[in-house]
Amino acid sequence: HFYGPAVREYWLIHFVVSGKGVYKISDKQYEVSEGEMFVIPPYKETFYQADKDNPWSYIWIGFKADKGLPLKLKDVEKCPEARGIFNSVKNADKTRYK
């Protein structure tokens, strides 16, 4: 499975739960694996693809930020503790937050 090349109008952050894959942004290519996040900023061309032998499973969130982000994120971040945050977002009961 792959996605891109594509350009989006919003931020995406993918957290790799298991497996591995490749993420390309600008002129850089990264191998991304379990416990890592890759960041897709708006208006940047990106491409990503699951490994054919050990394809990844990931959780992602997308959002808009009118004035950019209050912190600088690398293209790929090792952050295994983010799994809990992504699972909380994924499992949030939307009716509770109306």
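The values are calculated or read from the model by the stated rules, or taken from the named source; none is laboratory data. Bear in mind that the values here come from a model prediction, so they are computed numbers and not experimental data. All Cβ positions, glycine included, derive from the backbone under ideal geometry; neighbour counts span all protein chains shown. When the accessible area is computed, the model is the full protein with side chains, heavy atoms only, and any ligands, DNA or RNA have been set aside. Shrake-Rupley method; radii C 1.70, N 1.55, O 1.52, S 1.80 Å.
Which of the residues that make up region 65-82 are open to solvent by less than 90 Å² (accessible area, probe 1.4 Å) and either of a type in the set (Phe, Trp, Tyr) or not in a strand (DSSP E or B) (or both)? Of everything in region 65-82, those that are open to solvent by less than 90 Å² (accessible area, probe 1.4 Å) and either of a type in the set (Phe, Trp, Tyr) or not in a strand (DSSP E or B) (or both) turn out to be Ala65, Gly68, Leu69, Leu73, Asp75, Cys79, Pro80, Ala82. From the set of residues in region 1-48 that are hydrophobic (A, V, I, L, M, F, W, C) and in contact with a helix residue (DSSP H, G or I) (Cβ under 9 Å, 6 or more places away or on another chain), which is nearest to Ile61 (Cα to Cα)? Among them, the one singled out is Ile13. Quick check on region 65-80: of everything there that is under 17 Å from Gly19 (Cα atoms) and not basic (Lys, Arg), which residue is modelled with the highest pLDDT? Checking each candidate, the answer is Val76.
Evaluating Val89 against the criteria (1) surrounded by fewer than 13 Cβ atoms within 10 Å (Cβ to Cβ); (2) part of a strand (DSSP E or B) leaves one unmet condition, (2).
Across region 50-74, the number of residues qualifying as under 17 Å from the mean Cα position of the chain (by Cα) and either of a type in the set (S, T, N, Q) or within 19 Å of Glu36 (Cβ to Cβ) (or both) comes to 15.
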